[in-house]
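Accompanying notes for the structure given below.
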Amino acid sequence: MRIVVDTNIVFSAILNSQSWIGQILLHSDKNLRFYSPKFLQIEIQNHFGKIRKLTKRPDSEIYELIDILYSKIHFISEEFIQKETLRKADELTKDIDFDDVLFVALSMHFNCKLWTGDKVLMNSLKTKGFKRFVSTQELLQRLKK
């Protein structure tokens, strides 16, 4: 099963790798394949100061965890997403958050579900007919099987 992972999911896993989100990302089997646009790496780096402040861990530990998490995700360059798909994703997200465009586009590109904890994004997209979401609970049940 392909799943697009957005920044808030990875951010949550960095803050608490023992959380359900962290455990799913770190310990899921080969049947779950996580994807994300390379933009996720830029967002995590942009929020590194906040991560440092919230975790109170040394930079070396944070970077080590980030590297482990990144090893579980297949990063895709936005260049591989068709322009029409990007345009549709932009239309869906234009009044929500520009930073979500690539995650929605990648989900559309792979015809797979998006894993996000962003309720505003989910609710707004659902009203526009986009319903390709997977919840942490669904993934947790899959991991327990």
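Rule-based calculations on the coordinates, nothing more; no lab input. Please read all numbers here as calculations on a predicted model, not as lab measurements. A quick note on method: Cβ atoms are made from the backbone with ideal geometry, for glycine too, and the neighbour counts reach across all protein chains shown.
Brief remarks follow.
- Only one of the listed residues (ASP59, ASP97, ASP90) is out of contact with any Asp or Glu (no Cβ under 7 Å at 6 or more places or on another chain) and under 12 Å from THR7 (Cβ atoms). That residue is ASP97.
- Checking each residue in the range 67-87 for being in a loop (DSSP other than H, G, I, E, B), closer than 26 Å to LEU15 by Cα and of a type outside the set (Ser, Thr, Tyr) picks out only LYS72.
- Near pairs, Cβ below 7 angstrom, 6+ apart or cross-chain, from the range 48-66 (more than 15 Å from SER12 (Cα to Cα)) to any residue that is part of a helix (DSSP H, G or I): ASP59/ARG52
- So ASP90, is it over 14 Å from the mean Cα position of the chain (by Cα), not β-branched (Val, Ile, Thr) and not in a helix (DSSP H, G or I): no
- Qualifying positions in the range 12-33 - crowded, with 17+ Cβ neighbours inside 10 Å and either of a type in the set (Gly, Ala, Ser) or assigned to a loop (DSSP other than H, G, I, E, B) (or both): SER12, ALA13, GLY22, SER28, LEU32
- Within the range 95-145, helices (runs of 4 or more DSSP H) holding 2 or more residues that are surrounded by fewer than 19 Cβ atoms within 10 Å (Cβ to Cβ) and among the hydroxyl-bearing types (Ser, Thr, Tyr): 119-127
- Pairs where the first residue, in the range 105-129, is farther than 19 Å from ILE24 by Cβ and the second is surrounded by 11 or more Cβ atoms within 10 Å (Cβ to Cβ) and among the small types (Gly, Ala, Ser), C-beta under 8 Å, 6+ apart: ALA105/ALA89; MET108/ALA89
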